[in-house]
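The values are calculated or read from the model by the stated rules, or taken from the named source; none is laboratory data. Small disclaimer: the values here were computed from a predicted structure and weren't measured. Neighbour counts run over all protein chains shown; Cβ positions are idealised from the backbone, glycine included.
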Amino acid sequence: MNLKWFLLPVLLVMSFGILASTSTSTVKFNEKGWNKHRNAITSAAYRTNQPVDALAAFASIETTMGLSKDRKGLFQFVDRTWRDQVKRNGKKYGIRIGTPQTNARANALMAAEYMRENREYLERKLGRTVSLSEIYMAHMLGTYGAEKMLKASNGKLAKNIVRPGGNRAFFFTKGKARTVGQFKQYMEAYVERHASTYRLTAVAYMDTRFESTTQLAMR
């Protein structure tokens, strides 16, 4: 494993530790879920060259690593996004139109491709490297919504930039609307809390499986 890529997220976690501990609750490691889905997650990260800790974090956020079971699958694809992803990226992995979201291998691979697309879109629009939390922002708000939020002044109210919809916990704290800056900080801490819960285990398992240098997500 490349020590440089490993130490950067760890040091950043330390620097944001106070924020994370006060802004988000502790994330419990779902051992049963990880053991069930680790092959799908690490294989998807390896085949798509996406950070394994990012995929693990998204699975933890979306379904508590498979604990929440429904027809949307491990990464909670809505039907339209799932169809679009399979149509664009499924063929190279042998994933056909009609494959259900509940297929863990297919779900993880399409999630990794979706992550790649969102990263590329934001980096193109912003002209810089984006962080893990910013990629998740695109997953939650859509690419255009994330772009608007990331380009907005930090002093503006986040709810006036993008409609909260079902994500009110990110936009409000104790009934008070968060500013764009506060929204970004909350998102940063929230996503990193999930990533750090699985990072060491995911990296170790991936390196063992593939005997390769593991890429980690930059915050």
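Results, tabulated for the structure shown:
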read-out: Qualifying residues in the stretch 172-182 (those that are in contact with a helix residue (DSSP H, G or I) (Cβ under 7 Å, 6 or more places away or on another chain) and of a type in the set (V, I, T)) - the one surrounded by the fewest Cβ atoms within 10 Å (Cβ to Cβ); value: T179
read-out: Number of positions in the stretch 93-131 that are on the phi > 0 side of the Ramachandran plot and β-branched (V, I, T); value: 0
read-out: Number of the condition not met by R83 [criteria: (1) assigned to a loop (DSSP other than H, G, I, E, B); (2) of a type outside the set (S, T, Y); (3) over 30 Å from L200 (Cβ atoms)]; value: (1)
read-out: Subset of the stretch 78-118 (residues that are of a type in the set (K, R) and in contact (Cβ under 8 Å) with a residue 60 or more places away in the chain); value: R105, R116
read-out: Given (1) at pLDDT 95 or above; (2) farther than 21 Å from R116 by Cα, index of the condition G175 fails; value: (1)
read-out: Single residue of the stretch 163-203 satisfying the filter (part of a helix (DSSP H, G or I) and free of Cβ contacts under 8 Å to residues at least 24 places away in the same chain) that is nearest to F58 (Cα to Cα); value: L200
read-out: The stretch 145-156: number of residues that are more than 19 Å from A57 (Cα to Cα) and surrounded by 16 or more Cβ atoms within 10 Å (Cβ to Cβ); value: 5
read-out: Residue within the stretch 183-192 that is more than 27 Å from M65 (Cβ to Cβ) and crowded, with 19+ Cβ neighbours inside 10 Å present; value: no
read-out: Residues of the stretch 146-162 classified as basic (K, R) and in contact with a Leu (Cβ under 9 Å, 6 or more places away or on another chain), total; value: 2
read-out: Residues within the stretch 33-82 that are surrounded by 18 or more Cβ atoms within 10 Å (Cβ to Cβ) and touching a Pro at 6+ places or on another chain (Cβ under 8 Å), tallied; value: 3
read-out: Selection status of A169, under 27 Å from E31 (Cβ atoms), out of contact with any helix residue (DSSP H, G or I) (no Cβ under 9 Å at 6 or more places or on another chain) and either at pLDDT below 95 or not charged (D, E, K, R) (or both); value: no
read-out: Restricting the stretch 96-144 to residues that are part of a helix (DSSP H, G or I) and of a type in the set (V, I, T), the residue that is surrounded by the most Cβ atoms within 10 Å (Cβ to Cβ); value: I135
